[in-house]
Amino acid sequence: MKKMNNIIIGGNRNSLRRKTAIIGMLCAVGLTACAVDKDVPKSTQESKTSIEESGESIVATSYMEPEEATESSSDTVEALYDGDELTVSGTVISRDYEINSNNKGTVYILELDEPITRAVYSENWGYDGDEMEIKEIQIQTMANGKKTSDYEGKHIDVTGNVMYGSTGHHLTLVLLMEARVL
């Protein structure tokens with residue numbers, strides 16, 4: 001039996017056609033809809049997606065055979081989800097960012113002693129088990145009001161909750177929230 005996902009998009013058909021032409025393709029991955037241009041996620045390439053007009057809506061259907069959906073080299077790599085607790089070691093460095101002249105600052109990043117490879121999962125950001133090599137992790141917040149800047153240039157072991165980067169202030173894929181130095 002096939003795993004089916006339908007997404008119905010209502011609204012003005014002409015504007016939907018324009019959006020579809022610009023985006024290139026609308027696909028369904030798991031239960032999350034995503035819009036892709038040229039770079040289609042690996043899991044989507046293995047699925048079958050169709051877009052059909054139905055009355056005043058467009059229906060995007062995606063399906064994968066269960067055997068295809070479960071076959072992945074990620075089975076041998078540890079999974080990493082939003083909110084997971086992660087413990088890592090490395091040296092804290094500072095890195096400046098500038099989004100615009102009114103929005104700039106400094107963040108603190110842990111350069112890991114050894115890169116880690118994880119199968120990354122996040123419903124919010126469309127990560128569906130893609131293997132990622134992680135060399136740096138931004139320390140977003142420290143527990144108990146500690147300042148990350150106090151650790152700059154120092155080697156630390158730290159544990160915290162995973163959050164995935166989502167704004168210009170986030171300079172790495174993985175961030176640690178409520179980080180605690182061990």
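Coordinate-derived values only; no laboratory data. In this text the structure is predicted, and so the values were computed from the model without any measurement. Cβ placement follows ideal geometry from the backbone for every residue including glycine, while neighbour counts extend to all protein chains displayed.
Sorting the segments 136-149, 87-100 by their residues' average number of neighbouring beta-carbon atoms within 10 angstrom, most packed first, yields 136-149, 87-100.
Sorting 104-115, 120-131 by average packing, meaning the other beta carbons within 10 Å per residue, from highest down gives 120-131, 104-115.
Label-to-label distance, Arg180 versus Lys147, with points set 7 angstrom from Cα along the beta-carbon direction: 2.3 nm. Is the C-alpha gyration tensor of the stretch 74-181 telling us rounded, prolate or oblate? Criteria: a/c under 1.5 is rounded; beyond that, a/b larger than b/c is prolate, otherwise oblate. It is oblate, given that a/c is not under 1.5 and a/b is not larger than b/c.
The stretch between Val77 and Glu133, if pulled fully straight at 0.36 nm per residue, gains 19.1 nm over its current Cα-Cα span. Spin-label pair Trp125-Ile156: with each label point 7 Å from Cα along the Cα-Cβ axis, the two points sit 2.0 nm from one another.
Placing a label point 7 Å from the Cα of Glu114 along the Cα-to-Cβ direction, the residues of the stretch 81-101 whose backbone N falls under 13 Å of that point are 88-90.
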